[in-house]
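As C-alpha cells, the structure follows; a few thoughts come after it.
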Amino acid sequence: MRVKIRGEVKEIKEGERLISILSEPDIIAARVNGKLVDLSYQPQEGDVIEPITFDDDDGKQIYWHSTAHIMAQAVKELFPNAKLAIGPAIENGFYYDFEVDRPFTTEDLEKIEAKMYEIIAKDLTFERVELPRDEARRMFEEMGEKFKVELIDEISDDVVSCYKQGDFIDLCKGPHVPSTGRIKYFKLLSTSGSYWRGDETRERLQRIYGISFTSKEKLDHFLQLLKEAEACDHRKLGTQLEYYSIGEPGPGLVLWHPKGATIRRIIEEFWIKEHIKRGYQLVYTPHIAKAELWQISGHFEYYRENMITFKMGQEDYVLKPMNCPFHILIYKSKIRSYRDLPIKYAELGTVYRYERSGVLHGLLRVRGFTQDDAHIFCRPDQVETEICEIIELARYMMEKFGFREYDVTLSVRDPADKESFAGRDEDWQHAEAALENVLKKLNIPYKRMVGEAAFYGPKIDIHLRDAMGRKWQGPTIQFDFNLPERFDVTYIGADNTPHNVVMIHRAILGAMERFMGTLVEHHKGAMPFWLAPVQIVVATITDAVIPYAEEIYRRLTGLNYRVELDTSNEKISYKVRMVAEKKIPYMVIVGKKEMESRRVAVRKRGEGDLGSMEWDAFMELLRGEENPLT
C-alpha cells in the first residue's frame with residue numbers, strides 16, 4: 001500500500017500503524033490529509049502524512065493537552081470527589097478546571113506533581129475510545145461527572161470520542177501523544193478560581209495552570225521568562241506608575257488616572273493625525289441605540305449574550321457593543337455615487353460588552369472599552385487596494401510603538417458549519433480570496449484558521465510579539481458583506497443603478513485598553529520618550545538653587561515637554577531612586593555648581609549619569625528623541 005510521507009511516496013503494510021511507520025522518538029502525532037491524528041492511526045491507500053513534533057504549533061498543543069489529562073488523572077487519584085470540567089491546551093501550556101470541596105493549596109500542587117510523575121513513569125498508553133453518544137452519556141453519569149454529561153448533551157454526533165490512560169477516562173476529541181511516558185518535563189504554575197462556562201451564575205471551579213516541555217532547558221527558559229513577565233505585569237505596573245485602576249466602578253471598568261490619561265491622549269493624537277493624512281473622516285456616535293438597530297444588524301441573533309440591554313420607557317435599548325451600524329447610518333444619510341468611494345469613517349468609539357467575570361483580566365479583557373474603529377465603504381474593484389493600505393498603516397503605527405515582530409492569521413469560515421456564519425457561499429469565497437490575495441501580494445506569511453471567521457465575514461488578524469516573544473492581539477481587518485445587505489447599503493454605479501457596497505471593518509490598535517496593557521508589558525512600564533506621561537524631572541539638591549530649577553522648569557514646559565519639578569527636602573539619592581522607579585526618561589539635577597555655571601546635570605533612563613552639559617547640548621539630546629507627532 002502506498003502513502004506519501006513528507007512528500008515522498010512510501011510502501012507500507014496494510015494495517016500498519018503510524019507509530020511503527022514514524023518511529024523517530026520526537027514524533028508525537030501526525031497530520032493525515034490535513035487532519036490531526038494519533039500515532040495509533042492506520043493509514044489508508046493514498047494518505048498524505050506529515051509527522052508532528054513538539055516544535056510544531058500543533059505539536060505543542062497536543063503535548064500540553066496530553067499533560068492536562070495526566071494532571072486530571074492525578075487530581076482524581078488524590079481527590080476522588082473532584083468533578084472534571086474542561087482542560088484545554090492554551091497559548092503557553094494548559095489548564096484544567098475542577099469542582100472540588102475547597103481551593104487547591106501550594107501543598108496540593110506539589111502532591112499533584114508527584115502523582116503526575118508516577119503516572120508518567122508507568123508509561124500508560126493514551127487509548128482512543130469511540131462510544132455511542134448515549135452510552136458515553138450513561139457512563140459519565142454513573143461516574144458522577146455532571147460537566148461531561150452536559151457537554152455530551154450538546155454533541156450532535158451519534159458517536160463521541162474519549163481517551164483512556166490506565167483507569168482514567170475523559171471525554172476528548174484528541175489527538176494525544178502515544179503514552180504518558182512521552183511527557184518529560186513539566187511544572188504546575190498556579191491555581192485560581194473560575195466558573196463553569198465562564199458564567200458567574202454557574203458552579204464555582206478551581207483551575208490549575210501548568211506547562212510542559214521536551215527538555216529541561218526549555219522548561220527552565222520558560223520559567224525564567226515567566227518570572228520576567230510577572231515583573232512587568234500591566235496590572236502591577238499600572239498601579240505602581242499611577243496609570244489606571246480597574247474594577248472600582250464595577251468589574252471590567254477602567255478608571256484612567258492623569259498619567260495614564262496623558263499616554264492615552266498622546267496615542268489618540270497620533271492615531272487621529274495618521275488617519276486624517278490617509279483620507280479618513282472622523283465621526284462620533286451615541287453610546288446607546290434602540291434594540292431594533294441590532295436586530296437588523298444580526299447581532300441580536302449571533303451576539304445577544306454579550307450585549308447589555310435595558311428599557312427606556314416602553315422601548316428596548318442596547319449599550320453600544322460596536323460602532324458599525326452607526327457608521328452605516330451616516331453613510332446612508334444621503335445617496336452615494338461610485339465616484340464618492342471609497343468613504344472611510346473612523347471613530348475612537350467607546351463600547352460595552354457583557355464579558356463574564358471569569359474571563360475578565362486587567363486591561364486585556366474588560367466590559368467597557370474604546371475601539372480605534374474604522375469602516376471603509378468601497379466598490380469591489382477597490383477592495384484589495386484598501387486592504388493593502390490598511391496593512392501598511394498597521395505596520396507603520398505598530399513600528400512607532402516599538403512592535404517590529406508579529407504573526408498573521410487569516411480566519412475563514414468552516415464550510416460545513418452553516419449555522420454559525422451568515423451569507424452566501426459565493427460571497428464567502430470572494431471575500432476570503434480577496435484577503436488571501438493581499439497577503440500573498442505583500443509576501444506576508446500567514447496561518448489559515450478554519451472556522452475562526454466572524455459571523456459576517458473572514459478576517460486578517462495581526463498578533464504582535466512583545467520584547468519577551470509573547471503574542472498579543474493587535475490590528476484586525478474584517479471583510480463584511482452581511483451588514484451592507486441587511487441595511488441595504490448601496491451606491492449608484494456608472495450604469496445609474498444601485499449596487500451593494502463592500503464594507504471593511506478594521507482596527508489598528510484594537511481596544512485602547514488592551515493596547516495600553518500590551519504597551520506597558522512590552523516596554524516593562526518604561527514608555528518611549530514621546531509617550532512618557534512625565535518626560536523630565538527637574539530636581540534640586542538644596543533650597544538655594546530653587547530659582548534656577550524653576551527657570552529650567554519654565555523653559556522646558558514652554559517647549560511643550562512634560563516636566564515635573566521636585567524641590568522637596570529629600571536627599572538627591574532618594575530623588576534619583578524615585579525617578580528610576582517611576583521609569584521617567586530624563587532627570588535634570590540642579591545643584592550650586594550647575595546654577596553658577598548655568599549648566600544642567602543630566603541622567604538618562606537606562607544609561608545613568610550623562611554628566612554636566614550646556615543648555616544647547618541638552619536641547620540637542622532631547623530633539624534626537626523620536627516623536628511621530630512632529
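Is there a residue in the range 318-333 that is farther than 30 Å from LYS524 by Cα and exposed (fewer than 13 other Cβ atoms within 10 Å of the Cβ)?
Among the residues of the range 318-333, at least one is farther than 30 Å from LYS524 by Cα and exposed (fewer than 13 other Cβ atoms within 10 Å of the Cβ), which makes the answer yes.
Tell me, please, whether a residue that is surrounded by 14 or more Cβ atoms within 10 Å (Cβ to Cβ), small (Gly, Ala, Ser) and at pLDDT below 95 can be found in the range 212-230.
yes
Does the range 235-257 contain any residue that is of a type in the set (D, E, K, R), at pLDDT below 90, on the phi > 0 side of the Ramachandran plot and not in a strand (DSSP E or B)?
Within the range 235-257, none of the residues are of a type in the set (D, E, K, R), at pLDDT below 90, on the phi > 0 side of the Ramachandran plot and not in a strand (DSSP E or B).
Given GLU550, GLU564, which one is of a type in the set (D, E, K, R), in contact with a Ser or Thr (Cβ under 9 Å, 6 or more places away or on another chain) and surrounded by 13 or more Cβ atoms within 10 Å (Cβ to Cβ)?
GLU550
Give the residues of the range 443-485 that are loosely packed, with under 14 Cβ neighbours inside 10 Å, closer than 28 Å to LYS400 by Cβ, modelled with pLDDT of 85 or more and not polar (S, T, N, Q), sorted by residue number.
Selection gives PRO445, LYS447.
Would you check if there is a residue in the range 42-55 being more than 19 Å from GLY181 (Cβ to Cβ), in contact (Cβ under 8 Å) with a residue 12 or more places away in the chain, in a strand (DSSP E or B) and among the hydrophobic types (A, V, I, L, M, F, W, C)?
yes
Any residue in the range 348-369 that is under 15 Å from GLY250 (Cβ atoms) sitting within a Cβ distance under 8 Å of a residue that is part of a strand (DSSP E or B) and of a type in the set (Lys, Arg)? List the pairs, counting only those 6 or more apart or interchain.
Pairs found: GLU355/ARG365.
Take ASN560 and decide whether it is in the same structural domain as GLY349 (by TED's automatic domain parsing) and either part of a loop (DSSP other than H, G, I, E, B) or modelled with pLDDT of 95 or more (or both).
Criteria not met by ASN560.
Out of curiosity, is ALA74 without any contact (Cβ under 8 Å) to a residue 60 or more places away in the chain, at negative phi, buried (at least 19 other Cβ atoms within 10 Å of the Cβ) and not assigned by TED's automatic domain parsing to the domain that holds TYR41?
yes
Any residue at all in the range 512-523 that's farther than 29 Å from GLU392 by Cβ, of a type in the set (A, V, I, L, M, F, W, C) and touching a residue at least 40 places away in the same chain (Cβ under 8 Å)?
Checked the range 512-523: no residue is farther than 29 Å from GLU392 by Cβ, of a type in the set (A, V, I, L, M, F, W, C) and touching a residue at least 40 places away in the same chain (Cβ under 8 Å).
Yes/no matrix, rows are residues, columns are (1) of a type in the set (S, T, N, Q); (2) assigned to a helix (DSSP H, G or I); (3) farther than 27 Å from PRO528 by Cα; (4) in contact (Cβ under 8 Å) with a residue 40 or more places away in the chain:
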| position | (1), (2), (3), (4) |
| --- | --- |
| LYS218 | no, yes, yes, no |
| LYS227 | no, yes, no, no |
| ALA261 | no, yes, no, no |
| ARG265 | no, yes, no, no |
| LYS273 | no, yes, no, yes |
| TYR284 | no, no, yes, yes |
| TRP294 | no, yes, yes, no |
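Scan the range 75-99 residue by residue and report those that are over 13 Å from TRP196 (Cβ atoms), part of a loop (DSSP other than H, G, I, E, B) and hydrophobic (A, V, I, L, M, F, W, C).
The answer is PHE79, ALA82.
Residue by residue through the range 142-173, note down the ones that are part of a strand (DSSP E or B) and without any contact (Cβ under 8 Å) to a residue 60 or more places away in the chain.
If the condition is that a residue be part of a strand (DSSP E or B) and without any contact (Cβ under 8 Å) to a residue 60 or more places away in the chain, then VAL159, VAL160, SER161, CYS162, LYS164, ILE169, LEU171 are the ones that fit.
Return the total of residues in the range 371-388 being over 20 Å from ASP427 (Cα atoms) and modelled with pLDDT of 95 or more.
1
Tell me, yes or no, whether the range 473-483 has at least one residue that is assigned to a helix (DSSP H, G or I) and either under 30 Å from ALA434 (Cα atoms) or not assigned by TED's automatic domain parsing to the domain that holds ASP373 (or both).
Within the range 473-483, one or more residues are assigned to a helix (DSSP H, G or I) and either under 30 Å from ALA434 (Cα atoms) or not assigned by TED's automatic domain parsing to the domain that holds ASP373 (or both).
If a residue has to be of a type in the set (S, T, N, Q), within 32 Å of the chain's Cα centre (by Cα) and farther than 28 Å from GLU118 by Cβ to count, how many in the range 30-82 make the cut?
Adding up the residues that qualify gives 1.
The values are calculated or read from the model by the stated rules, or taken from the named source; none is laboratory data. The structure presented is a predicted model; accordingly, all values stated were derived computationally and were not measured. A quick note on method: Cβ atoms are made from the backbone with ideal geometry, for glycine too, and the neighbour counts reach across all protein chains shown.
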